[in-house]
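The values are calculated or read from the model by the stated rules, or taken from the named source; none is laboratory data. No experiment lies behind these values; they were computed from the predicted model shown. Heads up, the Cβs are rebuilt from the backbone with ideal geometry, glycines too, and the neighbour counts pull from every protein chain shown. The area values use the complete protein model at the heavy-atom level, side chains included, leaving out ligands, DNA and RNA. Shrake-Rupley method; radii C 1.70, N 1.55, O 1.52, S 1.80 Å.
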Amino acid sequence: MSALAAFRERYLLRFWAPLPTLIALGVASAYYFALTGTFWAVTGEFTRWGGHVLAWFGVPVRDWSYFRLIGLQGTPLDRIDGVMIIGMLLGALACALWAGNVGLRWPTSRRRLLQGLVGGIIAGFGARLAMGCNLAAFFTGIPMFSLHAWAFMLATVAGAWLGVKLTLLPWLRIPLKVTARAATLPDAGQLARRARRQAQLGLAVLVVALLFAAWRFEVSLVLGLATLFGLVFGGLIERAQICFTSAARDLWTTGRTQAATGILLGMAVACLGTFGAIQLGMAPKIFWIGPNAVIGGLLFGVGIVLAGGCETGWMYRAVEGQLHFWVVGLGNVIGGTLVAVYWDRLGSTLALPYPRINLLQQAGPGSGLLLTFAGLALCLLLVQLNARRFTRPGKPVHDARQDADAVA
């Protein structure tokens, strides 16, 4: 095997290990904050997309307090989050094409489409109620030293447990369909031609993405950098199949710890980089530690399990051609936009009356950093202790596997 073929086999065809990839994402997210001034986040921009759609139909969304809060100026091409998400989708698509992993795939049951839409709406609503999703109120929220992110993370894990229980109800189980007809498989020549075409398309997508980044660099350095970071984020999550839903769900179904451990370690390294940027003068994003964080986390946890994917999860699966996750993404946009519709009532009671607590200010820089590390270490310990429930002598192994199959 040539060196080029060996490289392609190892890095472009095989999926990457999630643990080192999540650590790399933690490092990249810290640099992203330091260089752009904002955190890696997606659902706020999805909500803005919903606002633009309503505006096309004449709804005066720019007057709504929620859009005044998160901003609705310009278009996605003019916003940091907008170009970063475009970069993520292009990066994930390029990597999926290089792996020959793109193709239209229908869900096994139409019920999955409805479940994906409802779950996406619930997850999107919960995320924006808490002012963030598995990124801004979790993976990049905790490294911002915002106390609300801890409430959201713990509530999300609890919500995932509720989601697992719901998906195990008989009326939500998807029956397996077994057919006697054998599928016609393409021959080796067809597979090779398909792989070459997809690899060429992947290279074309990368060229388009780099040209798009160069175009945004002409407008501002930050927009260009955000596009490039998006390419990195999207490529990493697709190659390692990073989905926070799996990490939260596995805690209650199989006891597997690799994804959860990677998330916690990724946040730990992100804390170091973010802490350094804050000490150099960058302003962290701090949100309200109120009932909105807890309720939002619970809804988000339930929603991502029902839908089968979180924000990062549905994005890379959608560009791979899995139609179910196009519906999940649509649900996310709808759910986030619903929060904007009802924010005056929701925010005034569940969020705005409560404080924004910055752990670095509340406890002091050094103590706040140590407190965050202690919290992450405790979570890591709890994850490992929870895994032992599935390896105790005498515990039937098949139970966990059956649960995992039922909610997959």
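About its Cα centre, the chain has a charge dipole of approximately 1060 debye under the convention of +1 per Lys or Arg Cβ and -1 per Asp or Glu Cβ, with nothing else charged.
Let me check against my output: what whole-number percent is the relative contact order of the chain, with C-alpha pairs under 8 Å and at least 6 apart?
Value for the chain: 34 percent.
You can think of it this way: the chain between residue 344 and residue 165 has 61.2 nm of extra reach, that is 0.36 nm per residue less the Cα-Cα gap. Over the chain, DSSP H runs of length four or greater, each weighted -39,500 (n - 2.57), average out per residue to a 222 nm ellipticity of -23000 deg cm²/dmol.
What is the percent carbon and sulfur in the accessible area of the range 3-160, measuring with a 1.4 Å probe over the protein chains and ignoring ligands?
The C+S portion of the solvent-accessible surface of the range 3-160 is 70 percent.
How large a share of the accessible area of the range 269-376, in percent, is made up of carbon and sulfur atoms when the probe is 1.4 Å and the other protein chains stay in place? About 68 percent, which is the carbon plus sulfur part of the accessible surface.
Measuring r between the beta carbons of residue 2 and residue 208 and using R0 = 35 Å, the FRET efficiency lands at 0.80. Share of Cα-Cα pairs in the chain beyond 33 Å, in percent? When every Cα pair of the chain is considered, 32 percent fall beyond 33 Å. When each of the peptides 22-34, 138-150 is scored by how many other beta carbons lie within 10 Å of its residues on average, the order from highest to lowest is 138-150, 22-34. Packing here is the average count of other Cβ atoms within 10 Å per residue, and on that basis the peptides 8-14, 341-347, highest first, run 341-347, 8-14.
In a fully extended conformation the segment linking residue 221 and residue 392 would gain 56.1 nm over its present Cα-Cα distance, using 0.36 nm per residue.
For the chain, what is the accessible area per residue in Å², given a 1.4 Å probe and the full set of protein chains?
46 Å²
Under the simplified labelling scheme, the residue 13-residue 323 pair shows an inter-label distance of 3.0 nm, with each label point 7 Å from Cα along Cα→Cβ. Put simply, when 156-166, 370-380, 102-112 are sorted by average Cβ atoms within 10 angstrom per residue, most first, you get 156-166, 370-380, 102-112.
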